[in-house]
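Trainee: This is the structure I have questions about; it appears just below.
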Ligand SMILES: C[S@@+](CC[C@H](N)C(=O)[O-])C[C@H]1O[C@@H](n2cnc3c(N)ncnc32)[C@H](O)[C@@H]1O
């Protein structure tokens, strides 16, 4: 398997999540992370997926159908995911920031809403629950979102959370970051 940021994040999540868990894909996009979570939690688990673009919601539903999997896919901002699940009930949350591959780059995730969604996600996580983030920067994406998120993550109380960051260290042009957060 190719070593890339998404595979690093998935590998981490695999270590913590299991059949029957409740998970959220906070940026559904083309549905690959939703499918990954559905396969991890199995028939006894529950996956919710959010995206603000109809194209992403349709792509995700299509991929799920193709794979014979079920998830609740909502045309909704991840800043509202707290309207769908109760605090401290979620086992895992996946964020893959940036823009819809092959889609509208202007509809990419934004620093302020991404930070708010992470804050809300941390409230939703159970004790020992995990959140993964794939953070892109440079190019079309710019640097603001990464800077805001990394500053926020650094400020998280070390007694309440552990934050691990992994960078593709020798890659040129601002390689993306994989981040794993565990709630204590
Ligand atoms: C890099 S893509 C996600 C890739 C996806 N996880 C996959 O497996 O294909 C980022 C997605 O975030 C979505 N997005 C942007 N702002 C959002 C928001 N406030 N709430 C939910 N999704 C958002 C975009 O529409 C885009 O589809």
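The values are calculated or read from the model by the stated rules, or taken from the named source; none is laboratory data. Predicted model only: the values in this text are computed from it and were never measured. Note that we place each Cβ from the backbone using ideal geometry, even for glycine, and neighbour counts take in every protein chain shown.
Trainee: Which condition breaks for residue 100 when tested against (1) assigned to a loop (DSSP other than H, G, I, E, B); (2) in contact with a helix residue (DSSP H, G or I) (Cβ under 8 Å, 6 or more places away or on another chain); (3) without any contact (Cβ under 8 Å) to a residue 60 or more places away in the chain?
Mentor: With (1) assigned to a loop (DSSP other than H, G, I, E, B); (2) in contact with a helix residue (DSSP H, G or I) (Cβ under 8 Å, 6 or more places away or on another chain); (3) without any contact (Cβ under 8 Å) to a residue 60 or more places away in the chain applied to residue 100, the lone miss is (3).
Trainee: For residue 20, state whether it is over 14 Å from residue 131 (Cβ atoms), away from the ligand (no atom under 15 Å from the Cβ) and touching a residue at least 12 places away in the same chain (Cβ under 8 Å).
Mentor: Criteria met by residue 20.
Trainee: Residues being more than 7 Å from the ligand (Cβ to nearest atom) and in contact with a strand residue (DSSP E or B) (Cβ under 8 Å, 6 or more places away or on another chain): count how many of those fall in the stretch 95-121.
Mentor: The total comes to 4.
Trainee: Among the residues of the stretch 121-141, how many are at pLDDT 95 or above and either under 16 Å from residue 31 (Cα atoms) or crowded, with 19+ Cβ neighbours inside 10 Å (or both)?
Mentor: 10
Trainee: Same structure, new question: Of all residues in the stretch 95-111, how many are surrounded by 12 or more Cβ atoms within 10 Å (Cβ to Cβ), within 16 Å of the chain's Cα centre (by Cα) and at negative phi?
Mentor: Of the residues in the stretch 95-111, 9 are surrounded by 12 or more Cβ atoms within 10 Å (Cβ to Cβ), within 16 Å of the chain's Cα centre (by Cα) and at negative phi.
Trainee: Which count do you get for residues in the stretch 84-94 that are more than 8 Å from the ligand (Cβ to nearest atom) and buried (at least 23 other Cβ atoms within 10 Å of the Cβ)?
Mentor: The qualifying residues number 4.
Trainee: If you don't mind, another one. Name the strands (runs of 3 or more DSSP E) wholly inside the stretch 1-97 in which the number of residues that are closer than 24 Å to residue 127 by Cβ is 2 or more.
Mentor: 22-25, 46-51, 90-96
Trainee: Quick check, is residue 148 away from the ligand (no atom under 16 Å from the Cβ) and in a helix (DSSP H, G or I)?
Mentor: no
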